[in-house]
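Following: one structure in structure tokens, then a few remarks.
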């Protein structure tokens, strides 16, 4: 859970970047981007004949660990030793698809994307009118 928050923090900071016009466009065209990505993935699945899925695999890996030891004089020294650490890897694997269902999904996404494209174009026009970009003097 902490890892996911640590991963999302830079994305949140990145989302705050950009001009007001870019933020307006990015904030109002999310549905269009999602539909475009889903359609591209569906087309790739149909071209390959299978889909990709991911799963987390837990493994143990031999690593070097350090431990602080206080000797008789009260001084602290570090000892390095071999240890096993549990790690999580992400593994991709193939999943068979039903081509007929995938084609229906593609047709639905294409139709939905057409409607969303018109809406997204209107939003982009409104954002550009509301936040005109200023030419930078160079």
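The values are calculated or read from the model by the stated rules, or taken from the named source; none is laboratory data. Please read these numbers as outputs of a predicted model, since none were measured by experiment. Virtual Cβ from ideal backbone geometry, glycine too; neighbours counted across all protein chains shown.
Would you please name the residue that is nearest to the chain's Cα centre (by Cα), looking only at residues in the stretch 80-106 that are surrounded by 11 or more Cβ atoms within 10 Å (Cβ to Cβ) and without any contact (Cβ under 8 Å) to a residue 24 or more places away in the chain?
In this case the residue turns out to be 104.
Here are 94, 53, 66: which of them is more than 30 Å from residue 29 (Cβ to Cβ), modelled with pLDDT of 95 or more, outside any helix (DSSP H, G or I) and touching a strand residue (DSSP E or B) at 6+ places or on another chain (Cβ under 6 Å)?
Going through 94, 53, 66 in turn, the sole match is 94.
Can you find a residue in the stretch 110-131 that is free of Cβ contacts under 8 Å to residues at least 60 places away in the same chain, surrounded by 10 or more Cβ atoms within 10 Å (Cβ to Cβ), farther than 30 Å from residue 20 by Cβ and out of contact with any strand residue (DSSP E or B) (no Cβ under 8 Å at 6 or more places or on another chain)?
Yes - at least one qualifying residue is present in the stretch 110-131.
Which condition number in (1) surrounded by 10 or more Cβ atoms within 10 Å (Cβ to Cβ); (2) over 30 Å from residue 18 (Cα atoms); (3) out of contact with any helix residue (DSSP H, G or I) (no Cβ under 8 Å at 6 or more places or on another chain) is the one that residue 47 fails?
(1)
Those residues that are surrounded by 11 or more Cβ atoms within 10 Å (Cβ to Cβ) and within 30 Å of residue 111 (Cβ to Cβ), I need them from the stretch 50-79; list them, please.
50, 51, 52
Of all the residues that make up the stretch 14-44, how many are farther than 30 Å from residue 127 by Cα and in contact with a helix residue (DSSP H, G or I) (Cβ under 8 Å, 6 or more places away or on another chain)?
Selection size over the stretch 14-44: 2.
Of all residues in the stretch 97-109, count the ones that are part of a helix (DSSP H, G or I) and in contact with a strand residue (DSSP E or B) (Cβ under 9 Å, 6 or more places away or on another chain).
1
Could you tell me whether any residue of the stretch 123-138 is over 30 Å from residue 28 (Cα atoms) and either over 25 Å from the mean Cα position of the chain (by Cα) or at pLDDT 95 or above (or both)?
Checking the stretch 123-138: at least one residue is over 30 Å from residue 28 (Cα atoms) and either over 25 Å from the mean Cα position of the chain (by Cα) or at pLDDT 95 or above (or both).
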